[in-house]
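> Quick one: structure below, then a few questions.
Derivation of every value follows stated rules applied to the coordinates shown; laboratory data play no part. Given the structure is predicted, the values throughout are model-derived calculations rather than measurements. Counting neighbours? That spans all protein chains shown, and the Cβs are built from the backbone with ideal geometry, glycine included.
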Amino acid sequence: MKPINIFYLLVLYVVLQLGWWSYLLVDLNKDYYETKINHILTQEQTSETVSEIAWLKKRLNEKYLMVAGEGIVFLSLLGFGIYQARKAYLREFQVAQQQKNFMMSITHEFKSPIAGIRLSVETLLKRDMEREKQTTVLQRALNETDRINFLVENILTATRIEAANMELHLTDIDLSKTITDYLQTKKNF
């Protein structure tokens, strides 16, 4: 059973208990005041007893209103708490989903350069190649290790930023040079 379902079952239990205790309080007050009123009715009816009966009936209605008011306040607070708990649960679920997606992306991003390095090393081990071709294959492997290093640095930078341990120093960059360098790097792969 999912934790959110257990939470909702507990909320249902609390609401049912509130209803049950409210019923018991109302019933107990009703029995108490009716017993007092019946006792007064057995006595001789005077203006004092009539006013006392009216006062007891008024008190009984006040007790009903008190139970209803406290129930409404409790249900309101419970509803607000449920809303906040659900919002927090959904936020945590979304963060967990983002972490899962991040891990899948990172895994994929690391597997590609590692496979390229492996292919380059296996090629060097299994084939007799000219020095120029060996250099090309080794350069490709070095490019792949640079790519892995770049990924690791990006992850560490993101972690530092998230942990607020890194100060950002904004600088101007030449976007066209950055794009040209990036395209040149991709061309070498």
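> In µm²/s, what is D for the stretch 1-144 at 20 °C and 1.002 mPa s, where D = kT/(6 pi eta Rh) by Stokes-Einstein and Rh is the Kirkwood radius from Cα pairs?
After rounding, the answer is 94 µm²/s.
> Spin-label point model (7 Å from Cα, Cβ direction): what's the residue 49 to residue 112 distance in nm?
Rounded to a tenth, the inter-label distance reads 9.6 nm.
> Once the Cα atoms of helix 47-126 and of the chain are each reduced to a long axis, what angle between those two axes, in degrees from 0 to 90 to the nearest 10, is obtained?
10
> If I histogram all Cα-Cα distances within the stretch 26-76 using bins 5 Å wide from 0, what percent of pairs lands in each bin?
Taking every Cα pair in the stretch 26-76, the percentages come to 5, 20, 24, 19, 13, 9, 6, 3, 2, 0.
> Where in the chain is the longest stretch that carries no GluC sites (Glu not before Pro) classed as loop by DSSP and with at most 15 other Cβ atoms within 10 Å?
45-129
> I want to verify the translational diffusion coefficient of the stretch 99-189 in µm²/s; compute it with Stokes-Einstein, Rh as the Kirkwood radius over Cα pairs, at 10 °C and 1.306 mPa s.
For these conditions, the coefficient is 101 µm²/s.
> By how many degrees, between 0 and 90 and to the nearest 10, does the Cα long axis of helix 175-188 differ from the longest principal axis of the chain?
Helix 175-188 and the main axis of the chain meet at about 60 degrees.
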